[in-house]
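Visitor: Below you'll find the structure I mean.
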Amino acid sequence: MNKICQLLGTNYPIVHEPIHTLTDGKLVAAISESGALGILGINAGYKVRSDATSSASISNSNKIGTISNNSLLDAMTERNLMNEQIDQTLSNTFRSFGVEIASTSSSPEDDHRATELVELMRKRRLTIALFEGFGRVASKAWVNLLHNSGIKIMQVINNINNIRAAQSNGIDILICKSNIELANFVHQAGKTPVLAGYDTTDSHVLKDALTKGAQGVFLKTVFALAKEAPTSPIIKDKIINAQKHELISFKMNSRTIYSLPGKLPQKLAKLTQDNEDEKQIFTAADGYQGLINGMAKGDLEMGYTDIAADSYNIKTIKTAHETIAELTNNN
């Protein structure tokens with residue numbers, strides 16, 4: 001049996017990569033019910049438009065900035081909102097799903113918000129976490145806390161030199177974001193299962209990843225554009241009508257971001273061309289608020305999108321079930 005399926009309790013070795021503030025119980029349940037693994041991400045269920053119906057999803061704050069301030073909500077409100085999304089997910093599926101735990105702290109004692117979510121996972125008997133360390137490998141303290149709560153841990157490892165540290169700390173599944181380095185990454189990881197995390201809309205990606213030795217895939221754009229996804233309808237429509245030459249790229253947070261064109265994306269591309277520091281570009285992007293403005297609000301004057309480089313190949317909006325069926329049929 002495939003290692004990823006065995007560890008995660010899924011039919012297929014396909015894991016959803018959540019985009020900041022763009023997941024909810026409806027989307028995650030649709031992914032998991034179709035045999036893959038959906039993940040409730042940062043600010044899951046938060047309503048950025050005027051259709052908020054839940055008291056827990058309403059906040060006086062409408063802006064986030066730096067990596068250390070990655071949530072729109074205070075700790076208690078975020079915990080309550082996540083609990084609502086867990087309820088919504090469980091009302092639509094009994095299959096496995098995960099929760100994203102984000103922290104820049106090495107010690108859980110220094111991050112009340114994240115530890116509250118871990119405690120919620122423990123109480124709700126959820127057993128899979130995606131750890132977001134913003135470039136830092138999850139510390140042994142975090143791994144121990146999660147494992148002692150009965151939770152398995154996945155994490156993106158951006159630098160191949162950090163594989164040993166991740167294994168030493170006890171991370172269960174490693175995620176490689178580079179297609180070029182994937183085969184070497186898998187070799188270095190040895191017996192630790194690896195997910196191929198290079199974002200693409202190519203339906204043959206699972207077959208390609210397995211050929212290179214990975215045990216599964218970690219995909220973002222195809223699920224962010226699913227019918228069930230809370231991504232702005234404006235953005236979905238623009239992507240299915242986009243041409244290859246229209247996408248704009250810029251560097252930020254040690255990676256290349258691909259966006260639909262607009263005032264802010266063009267500004268960020270110009271800063272990249274001028275070799276500005278990536279931290280300055282992140283500031284110019286208005287941090288994660290720019291991503292929310294673009295992806296959730298459909299505002300490309302004050303926001304940007306974070307989509308696959310080949311997103312222009314998507315010409316119809318499919319359900320999560322249809323997307324997963326296509327990925328597995330081409331395996």
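The values are calculated or read from the model by the stated rules, or taken from the named source; none is laboratory data. None of these values were measured; they are calculated from a predicted model. Using ideal geometry, Cβ is built from the backbone for each residue, glycine included, and neighbour counts are taken over all protein chains shown. Surface accessibility is based on the protein's heavy atoms, side chains included, excluding ligands, DNA and RNA. Shrake-Rupley method; radii C 1.70, N 1.55, O 1.52, S 1.80 Å.
Visitor: Which residues, counting only those in the stretch 272-331, are without any contact (Cβ under 8 Å) to a residue 24 or more places away in the chain, open to solvent by less than 50 Å² (accessible area, probe 1.4 Å) and among the hydroxyl-bearing types (Ser, Thr, Tyr)?
Guide: Of everything in the stretch 272-331, just one residue is without any contact (Cβ under 8 Å) to a residue 24 or more places away in the chain, open to solvent by less than 50 Å² (accessible area, probe 1.4 Å) and among the hydroxyl-bearing types (Ser, Thr, Tyr), namely 272.
Visitor: List the number of the failed condition for residue 207; all other conditions in (1) touching a Leu at 6+ places or on another chain (Cβ under 8 Å); (2) assigned to a helix (DSSP H, G or I); (3) open to solvent by 60 Å² or more (accessible area, probe 1.4 Å) hold.
Guide: With (1) touching a Leu at 6+ places or on another chain (Cβ under 8 Å); (2) assigned to a helix (DSSP H, G or I); (3) open to solvent by 60 Å² or more (accessible area, probe 1.4 Å) applied to residue 207, the lone miss is (1).
Visitor: Collect the residues in the stretch 244-271 that are aromatic (Phe, Trp, Tyr) and open to solvent by less than 50 Å² (accessible area, probe 1.4 Å), keeping them in residue-number order. So that I can check it myself, show each step before the final result.
Guide: First pass over the stretch 244-271, keeping only residues aromatic (Phe, Trp, Tyr): 250, 258.
Matches in the stretch 244-271: 250 only.
Visitor: Kindly evaluate residue 236 against the criterion of being part of a loop (DSSP other than H, G, I, E, B), surrounded by fewer than 21 Cβ atoms within 10 Å (Cβ to Cβ) and out of contact with any Asp or Glu (no Cβ under 6 Å at 6 or more places or on another chain).
Guide: Details: part of a loop (DSSP other than H, G, I, E, B): no; surrounded by fewer than 21 Cβ atoms within 10 Å (Cβ to Cβ): yes; out of contact with any Asp or Glu (no Cβ under 6 Å at 6 or more places or on another chain): yes.
When the stated conditions are applied, residue 236 does not pass them.
Visitor: If I go through the stretch 206-261 residue by residue, how many of them are among the acidic types (Asp, Glu) and within 30 Å of residue 4 (Cβ to Cβ)?
Guide: Within the stretch 206-261, residues that are among the acidic types (Asp, Glu) and within 30 Å of residue 4 (Cβ to Cβ) number 2.
Visitor: Follow-up question, since we're still on this one. Residue under question is residue 151, and the condition is that it be surrounded by fewer than 23 Cβ atoms within 10 Å (Cβ to Cβ), in contact with a strand residue (DSSP E or B) (Cβ under 7 Å, 6 or more places away or on another chain) and β-branched (Val, Ile, Thr); does it hold? Quick ask: steps written out before the conclusion?
Guide: Working: surrounded by fewer than 23 Cβ atoms within 10 Å (Cβ to Cβ): yes; in contact with a strand residue (DSSP E or B) (Cβ under 7 Å, 6 or more places away or on another chain): yes; β-branched (Val, Ile, Thr): yes.
Yes.
Visitor: Now a separate question. Any residue at all in the stretch 182-200 that's open to solvent by 70 Å² or more (accessible area, probe 1.4 Å), assigned to a loop (DSSP other than H, G, I, E, B), touching a residue at least 24 places away in the same chain (Cβ under 8 Å) and polar (S, T, N, Q)?
Guide: The answer is no; no qualifying residue exists.
Visitor: Using beta carbons and a limit of 7 Å, which pairs, at least six apart or on different chains, have the first residue in the stretch 122-144 and farther than 25 Å from residue 89 by Cα and modelled with pLDDT under 95 and the second one open to solvent by 50 Å² or more (accessible area, probe 1.4 Å) and of a type outside the set (D, E, K, R)?
Guide: 135/158; 135/254
Visitor: Only one of these conditions is not met by residue 211: (1) within 14 Å of the chain's Cα centre (by Cα); (2) free of Cβ contacts under 8 Å to residues at least 12 places away in the same chain. Which number is it?
Guide: Among (1) within 14 Å of the chain's Cα centre (by Cα); (2) free of Cβ contacts under 8 Å to residues at least 12 places away in the same chain, residue 211 violates only (1).
Visitor: Here is a list of conditions, (1) over 20 Å from the mean Cα position of the chain (by Cα); (2) closer than 30 Å to residue 313 by Cβ, and residue 203 meets all of them except one; can you say which number that is?
Guide: Failing condition for residue 203: (1).
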